[in-house]
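Taken together, the values in this text are just the output of simple stated rules run on the coordinates, not laboratory data. Owing to the predicted nature of the structure, the values given are computational and were not obtained by experimental measurement. We place every Cβ from the backbone using ideal geometry, glycine too, and count neighbours over all the protein chains shown.
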Amino acid sequence: MVLALSLIGTGASPARAADASIVISQGVDSVTLDPLKRTITPTDNVLNNLFDTMLRRDRDGKLIPWLATSWKRVAPTVWEFHLRRDAKFWNGDPVTSADVRFSIEKVKDPAEASEQTPFVATVERIETPDPYTVRFITARPAALIPANPWYVRVVSAKYWKEHGDAYQAEHPMGSAAYVFKSWRKDESLVMEANPNWWGGKPLIERVTFKPIPEPAARVAALRTGEADLITNVPSQYQLQIEGGAKTKLESARSVRVLFVAFNTLKPGPQQDKRVRQALNYALDVPAIIRTVLGGRGYEAATPLPPNFFGYDPAIPFYRHDLAKAKQLLAAAGYPDGKGLDLVLNAPTGRYNKDKEIAEAIAGQLSQTGAKVTTKIQEWTSYVNQTSQRALTPMYELGWGSSSYDADNTLDPLFSLDGRLATYSNPQLDKLILDARYELDVKKRLALYSKALGLIHEEAPWLFLFQYEDVYATSKRLVWHARSDELLYCDEMKLAATP
């Protein structure tokens, strides 16, 4: 597939200009150019450079003005945002409150089936008293605004209505720092600096996203100068890159937690809590971090990283205890694991060592006597199955939220209406909903503590670890890794040359 934005033109050849362009290689390509549909980080890393959001988080996780210059609660159920007046879409049309309203309502529309719905779940309606004022109205006072709707990328209402959904997904119209030029699916996506961006023309003239699934091939591309930034650098290449004359490492403790989810909505032994608990006890997570990731990870007891609102350090870890695992399996009707046959689904190329981690997990679980095999799939097919809740009995997935709040992890992954949830519990649903609308900080933390305690007891996941994200860059590129994994090209520049 080759896509190009005819309105802007295809510009110069996509070949790199050594002094003005860079190549970024992630393990997978963007799955779409529809900015309102998915919540997949490699896709976000493309679309966030083409579409602006209301707010942005800085590298420390603090919300900062972006399309919105200010925001405040003006009534118990009303948050008011004021938009900058100098933001324009690539075709010259101004970015207005009508565009924000259209974007949010598009995500909220059930027919859109957007994975971004949890970000706007508290919004009952939107008011636009003038072209540069937006008001979010909630049915009840909500704790999450402005922490969530800021994530939604703002599209041109006029352009979308004129051309329709399918056209927008292949011919985007944004307002951000870069202008879309072309896309050869699974080969390259090219964007160029927007000279009319409200933030000033970016310092990098041209950016090419070139997906390379195999880590060794990504490393080779960096070392030969064919790429300037690569993601998910495996441990066996890190010393080599660090000592390279033209390469360097960048790392950050990620907000991403890797886990294995049990699909309890489908029939099978995974519906028995004792089986799920047993498999958690059979795991030796520190050993996986040490041997597969070279120590670049942090064991997780809950779905939340420690720097998220709602995290509770009192929740215990499932420590490796093979005897206890076998005892629980026997109680569930599987003495010495006999009769327990499980498939662990996992992707390849998406997360650092995703395939190898799955294989290590299967090996450890097999020590219970159960038969555990892996089924490894290419990412695009795999992620579509996760959104359809089709993978069973268990599957590997990572979740990285830039909201820094428990709601955007617990709601989509554990609530009855969660877009990716394969576990449901009415008691947990109530705790998540109550916390969303609880304004008292101590009470809200207490609700999340109860929710995390229930998740620990029910064990709907195999609890794994929080990544340390490891990137590699050419020394010509000046850039620092973010804990939210996002690649904003307007934060990059080229090093001065003598």
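Considering only DSSP beta bridges where both residues belong to the chain, give the percentage that are antiparallel (nearest 5).
DSSP beta bridges in the chain are roughly 75 percent antiparallel.
Express in whole angstrom the spacing between the alpha-carbon centres of region 204-232 and region 163-181.
Cα centroid to Cα centroid, the span is 24 Å.
Report the gain in length on full extension from Thr224 to Lys161: 0.36 nm times residue separation, minus Cα-Cα distance, nm rounded to one decimal.
Gain on extension, Thr224 to Lys161, equals 18.2 nm.
If each residue of separation counts as 0.36 nm, what is the full-extension length gain between Lys324 and Leu439 once their alpha-carbon separation is subtracted?
Values: separation 115, 0.36 × 115 = 41.40 nm, distance 4.09 nm.
Between Lys324 and Leu439, full extension yields an extra 37.3 nm.
Could you work out [θ]222 nm for the chain from helices alone, using -39500 (n - 2.57) per DSSP H run of at least four and dividing by all its residues? Round to the nearest 500 deg cm²/dmol.
That comes out to -8000 deg cm²/dmol.
What list of ³J(HN,Hα) couplings, whole Hz, do you get for region 43-52 from phi and the Karplus terms 6.51, -1.76, 1.60, once you set θ to phi - 60° and write x for glycine and proline?
Here the 3J(HN,Hα) series is 6, 4, 5, 7, 5, 5, 8, 9, 10, 7 Hz.
List the DSSP H helices in the chain whose Cα atoms stretch 18 Å or more along the helix axis and whose mean Kyte-Doolittle hydropathy is at least -0.5.
In the chain, the long hydrophobic H runs are 441-458.
With no solvent and one equal point scatterer per Cα, compute the Debye intensity ratio I(q)/I(0) for the chain at 0.06, 0.13 Å⁻¹ and report its log10, rounded to two decimals.
-0.28, -1.29
Looking at region 199-281, which GluC sites (Glu not before Pro) are in a loop (DSSP not H, G, I, E or B) and have at most 11 other Cβ atoms within 10 Å?
Answer in residue order: no site qualifies.
Along Cα→Cβ, 7 Å out, is where each label goes; now give me the distance between the ones at Ala217 and Leu416 in nm to one decimal.
Those two pseudo-labels are separated by 4.6 nm.
Using a Cα-Cα cut-off of under 19 Å, which aspartates and glutamates could be cross-linked to Lys442, ignoring same-chain neighbours fewer than 8 residues away?
Asp312, Asp405, Asp407, Asp434
Stick to the Cα atoms of region 15-87, pair each with every other, and give me the Kirkwood hydrodynamic radius in Å at one decimal. Display every interim value, and only then the final one.
Values: mean 1/r = 0.0659 Å⁻¹.
It works out to 15.2 Å.
For region 2-170, take N as its residue count and report Rg(C-alpha) divided by 2.2 N^0.38 Å.
1.09
Based on the Kirkwood radius over alpha-carbon pairs, what is the Stokes-Einstein translational diffusion coefficient of region 258-368 at 37 °C with 0.692 mPa s viscosity, in µm²/s?
217 µm²/s
Compute the distance in nm between two label points, each set 7 Å from the Cα along the Cα-to-Cβ direction, one at Asp58 and one at Lys72.
Roughly 2.1 nm, to one decimal.
Given labels modelled 7 Å from the Cα in the Cβ direction, how far is it in nm from Leu265 to Glu124?
Taking the two extended label points, one gets 2.8 nm.
Where does region 253-467 land on Rg/Rh, using Cα atoms and the Kirkwood Rh?
When Rh is taken as the Kirkwood radius, the ratio is 0.95.
Going down the table (Lys161/Lys201; Lys88/Lys475; Lys37/Lys273; Lys210/Lys371), which pairs top 31 Å between alpha carbons? Before the final figure, lay out the partial values.
Numbers: Lys161/Lys201 28 Å; Lys88/Lys475 34 Å; Lys37/Lys273 33 Å; Lys210/Lys371 38 Å.
With Cα atoms farther than 31 Å apart: Lys88/Lys475; Lys37/Lys273; Lys210/Lys371.
Given charges of +1 on the Cβ of Lys and Arg and -1 on the Cβ of Asp and Glu, with all other atoms neutral, how large is the dipole of the chain about its Cα centre, in debye to the nearest 20?
The calculated dipole for the chain is roughly 420 debye.
Ala331 to Leu239: extension gain in nm, 0.36 nm per residue of separation minus the Cα-Cα distance?
The Ala331-Leu239 span can extend by a further 28.4 nm.
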